Amino acid sequence: MIDYKKIKKSLKKALKAIEQMEMLDILMRAQAAGHLPPNASQLFAQEFAQASQMLNQAAHGGTLPSSSATTPNEHALPPMSYQEWLKKLADRQGTSVPATSAVSSLSTVGADEALRQSEQRLRTIIDSTPLGIVITNEDCIIEYANQAYCDIYGYTAQEMIGKPFTIIVPPEKKDFWIDLHRKYLDGYKEIRGEWEVRHKSGRPIYILADAARIIGTDGKRKKVTFVSDITEMIKLKEDARQSEVQLLQAEKMSSLGQMVAGLAHEMNTPLGFVRNNLELLESKHHELRELLNAYDKLRSQIMYGTPNDVAMMLAQIDQLSQKVKNRVYEQAPSLYRNSIEGIDRIQDLILNLKNFSRLDEASFKPTNVNESIESTLKIAGHLFKGGIQVIKEFSPLPDIMAYPAQLNQVFLNLITNAVQAVDERNGRIVIRTMPQGDSVIIKVADNGKGIPPENLKRIFEPFFTTKDVGQGTGLGLSIAYRIIEKHKGKIDVQSQVGKGTEFTIQLPINPMQTAAKSTSSPFVESPFLE
Amino acid sequence: MPAHHLLFVDDEPMILQSLSLLFEDYPVHTATNGQQGLEILRSHPISVIITDQRMPGMTGIEFLREAKDIAPDAVRILMTGYSDLQAIIDSVNVGEVFRYVNKPWQAEKLKETVHFACHVAQQRSLIRKEKPAIPAANLSLGISSLESQKSEFELLFVDSNSSHLQSFKEFFEPKYTCHISSSPSEALGILRRFPIAVLVSEANLGEVDGVDFLIAAKAVQPEVVTILVTSIKDSKIAVRLINEGQVYRYLVKPFSRESLRLTIESAVIHYKFYHEQLVRSTAPAMKSAFSVPQANTTSLPEILASLRQYFATRPTY
């Protein structure tokens, strides 16, 4: 991966180097023209060495893969020392240096040669750096572009130089860029940053750019821009973001799936016996009806019939009532009671689900954390079926401003983790809440297997999981962390292997308070309030 | 018919009470967890087991896996309010359940199902009496001794991918007589002409759905042991294959050659143990379960149509 900071640093160094070289260029021309005293050359020769070294460093510090290709050049062309430079100059001139006579001569062959050489050197350095370097003038025309710059955009130097720089920006952004260019030269806008530009082929590419303002030899303002191609990096980042989004969705779906599974089972169980009870009672109903009909008949037989008819009727009634006195009728009261309880249970579940999801409420609102935990516990109830004991030690809490649905998700996650950590037979989960200054504190402790120190450090990292494949995505706690962070709270964990784990959450009562203070409302001081 | 004992396992006592009343004509045993259920199985002659899946401690499938060893002839029914996909597939492959029933259930349909299950249990125990149990140790011995010689059993592979068919054939041909077909209709013909022990079909067959085909094959040839091979885990398919097709295994791709080989071996043993005997002794009773046209000339689409009608109206699950 490419290190942004390093690139930025390199760009800054390169920028400085170019500025120095530009200075040097001016000085050398001045000296060549005899406008400077000879001892001045000592100063700028030092600067020259420093600048060229800097540019080399910048080129290699960029860590771009292609930077290694320039390494041989570095050895081939070491920064020229002042002595070397003077020596070369002397060789050409055939005189001892510095010689005032040589300097005073306007068109000395030796000075011209030195200038040509130094320019050559500068060009070699600039053309071998992987940083794209471009000089644009006040009229938005590209005056110079180095090889790396041309390579980034896919043009040849001939195709670029003399053209408006807008050939490399998205057509719809042309005006923006021209404006930015002018404002930059005027000194009140910066170029530094990531930009989307256009390759010759038209495909978008991404660059990291910085720039420097210089005055050219023509006395006009120019912009030197340093550019790194970060398209690959941006793509990688985007891919990573995409897969993170997908995984977050997967985690959401997997916890939703588990929830739905649990709830469906919880609801279908009472539905099962309620339905069966009703069917049983229904199937026996006609027997009761028959018996009642027989009683009716008996009454009329007693009134109008013969004793023989009555006796027959009584025998029939005996038979029918035998049938009715079956186990279903014996247990009918409990079947009715169970059925009503079953329906209540389903109703409760639906209510809890509604409370938990808070779909019908405002998303950010005064929230009672104790109530939130209660509703989460109800929804997670099916987890505690074994011998797991849940102890609630709630203190009265002030309402906090929060996203209750998100807090519920955090609580559900902590409770689920606790249930998974403890022994089903003697597990104990203690949930404590307490106010503390401007915050509320929530502690979820278990007597489970604990987390070893090496895992404890990584517990809030995305994708960190110790569960079996398919058991968890390793995102639950990282999501919890992010939710708490969003509430400007803190989540912390302490654990001892074999003893248990305790999560502590601190949530500010009003997470927006700090923000509210700094942006004091205009109405507070308004006379209307008084 | 001797009284058939039923065992209900569910962590909800109200379910147990309700079921006990529905089956008041039977000797009923109830347990609120798997361990308790296993105790009852060890001490009573249970014909039919109905268990919940999600229970604390031991899941329904874990319970059934152990129940299979204690009471192999007891017919196993999973009745649950919800179970995840893997649990449903496991109920085929691990629990070898006879039926998968959703809660809430329909009283009459459940009664009919249990009645039928009692019948099946009785047949199973008849077969076992006739042919004393093959101890598990002998089974594995049997496999290795069979390794060298060609098995008398014939296999049928159905897949739309002919190169897959070829590799199945190459892999199993040394040991078994292998038939392959890429057309379900053709495969049906093979099934009618040859004594196929194990039928392996891919779910995606193009012309006819592989699941439909397996169900039809089982209706035409109840003795055949069927295996579905698929890349899709689907609860609906699995439930249909259990309840309508009595599928033996639901294999999810990709799997190793070895696991397919082991599956085929155990399918052959299963076939040998139950159905071969069944054909000789009490076959008609088993066949009566499917009131499907048996005529050899009936085409696959006709069979499928009559099966659809049959399953839509049959009184059992």
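The values are calculated or read from the model by the stated rules, or taken from the named source; none is laboratory data. Remember, it's a predicted structure, so these values are computed and weren't measured experimentally. For neighbour counting, all protein chains shown are included, and Cβ atoms are generated from backbone atoms with ideal geometry for every residue, glycine included. Remember, those area values only see protein heavy atoms, side chains included, never the ligands or the DNA or RNA. Shrake-Rupley method; radii C 1.70, N 1.55, O 1.52, S 1.80 Å.
One table, with the values for the structure above:
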quantity: Boolean, B:VAL97 is under 22 Å from B:GLN246 (Cβ atoms) and assigned to a loop (DSSP other than H, G, I, E, B); calculated: yes
quantity: Boolean, B:SER91 is at pLDDT 90 or above and among the hydroxyl-bearing types (Ser, Thr, Tyr); calculated: yes
quantity: Residue ID - nearest to B:VAL75 (Cα to Cα), chosen from residues in the range B:16-34 that are aliphatic (A, V, I, L, M) and within 12 Å of chain A (Cβ to nearest Cβ); calculated: B:VAL28
quantity: Count of the range B:3-15 residues which are within 12 Å of another protein chain (Cβ to nearest Cβ) and open to solvent by 10 Å² or more (accessible area, probe 1.4 Å); calculated: 4
quantity: Matching option when the condition is in contact with a helix residue (DSSP H, G or I) (Cβ under 8 Å, 6 or more places away or on another chain) and either away from chain B (no Cβ under 13 Å) or at pLDDT below 85 (or both), among A:VAL245, A:VAL310; calculated: A:VAL310
quantity: Residue list for the range A:379-400, restricted to those being open to solvent by 50 Å² or more (accessible area, probe 1.4 Å) and of a type in the set (Phe, Trp, Tyr); calculated: A:PHE394
quantity: Filter result (open to solvent by less than 50 Å² (accessible area, probe 1.4 Å) and either of a type in the set (S, T, N, Q) or in contact with a Gly (Cβ under 8 Å, 6 or more places away or on another chain) (or both)) within the range B:18-30; calculated: B:SER18, B:SER20
quantity: Residue within the range A:284-291 that is within 22 Å of B:VAL101 (Cβ to Cβ), within 12 Å of chain B (Cβ to nearest Cβ) and in a helix (DSSP H, G or I) present; calculated: no
quantity: Selection count where residues are surrounded by 10 or more Cβ atoms within 10 Å (Cβ to Cβ) and in a helix (DSSP H, G or I), scope the range A:297-314; calculated: 12
quantity: Scan of the range B:108-128 for residues that are surrounded by fewer than 19 Cβ atoms within 10 Å (Cβ to Cβ) and of a type in the set (Gly, Ala, Ser), ordered by number; calculated: B:SER125
quantity: Qualifying residue in the range A:340-352 (condition: surrounded by 15 or more Cβ atoms within 10 Å (Cβ to Cβ) and farther than 29 Å from B:ASP11 by Cβ); calculated: no
quantity: Residue ranges of helices (runs of 4 or more DSSP H) in the range A:354-465 with at least 3 members in contact (Cβ under 8 Å) with a residue 24 or more places away in the chain and closer than 23 Å to A:GLN494 by Cβ; calculated: A:369-379, A:404-421
quantity: Meets criteria (part of a helix (DSSP H, G or I), touching an Asp or Glu at 6+ places or on another chain (Cβ under 9 Å) and not basic (Lys, Arg)) for A:ALA148; calculated: yes
quantity: Matching entry among B:GLY95, B:GLY37 (being away from chain A (no Cβ under 14 Å), within 17 Å of the chain's Cα centre (by Cα) and either crowded, with 19+ Cβ neighbours inside 10 Å or at positive phi (or both)); calculated: B:GLY95
quantity: Residue that is modelled with the lowest pLDDT, among those in the range B:40-56 that are within 14 Å of chain A (Cβ to nearest Cβ) and out of contact with any helix residue (DSSP H, G or I) (no Cβ under 6 Å at 6 or more places or on another chain); calculated: B:PRO56
quantity: Yes/no for A:ASN277 being at pLDDT 80 or above, under 22 Å from A:ARG345 (Cβ atoms) and part of a helix (DSSP H, G or I); calculated: yes
quantity: Selection count, the range B:51-88, where residues are outside any loop (DSSP other than H, G, I, E, B) and either of a type in the set (Gly, Ala, Ser) or buried (at least 22 other Cβ atoms within 10 Å of the Cβ) (or both); calculated: 14
quantity: Residue list for the range B:33-61, restricted to those being touching a His at 6+ places or on another chain (Cβ under 8 Å) and of a type outside the set (S, T, N, Q); calculated: B:ILE40, B:HIS44, B:PRO45, B:ILE46, B:VAL48, B:ARG54
quantity: Total residues in the range A:179-193, condition open to solvent by 40 Å² or more (accessible area, probe 1.4 Å) and assigned to a helix (DSSP H, G or I); calculated: 4
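Table: residues versus (1) among the polar types (S, T, N, Q); (2) closer than 30 Å to A:MET512 by Cβ.
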| position | (1), (2) |
| --- | --- |
| A:LEU383 | no, no |
| A:ILE388 | no, no |
| A:GLN420 | yes, no |
| A:ASN426 | yes, no |
| A:THR433 | yes, yes |
| A:ASP438 | no, yes |
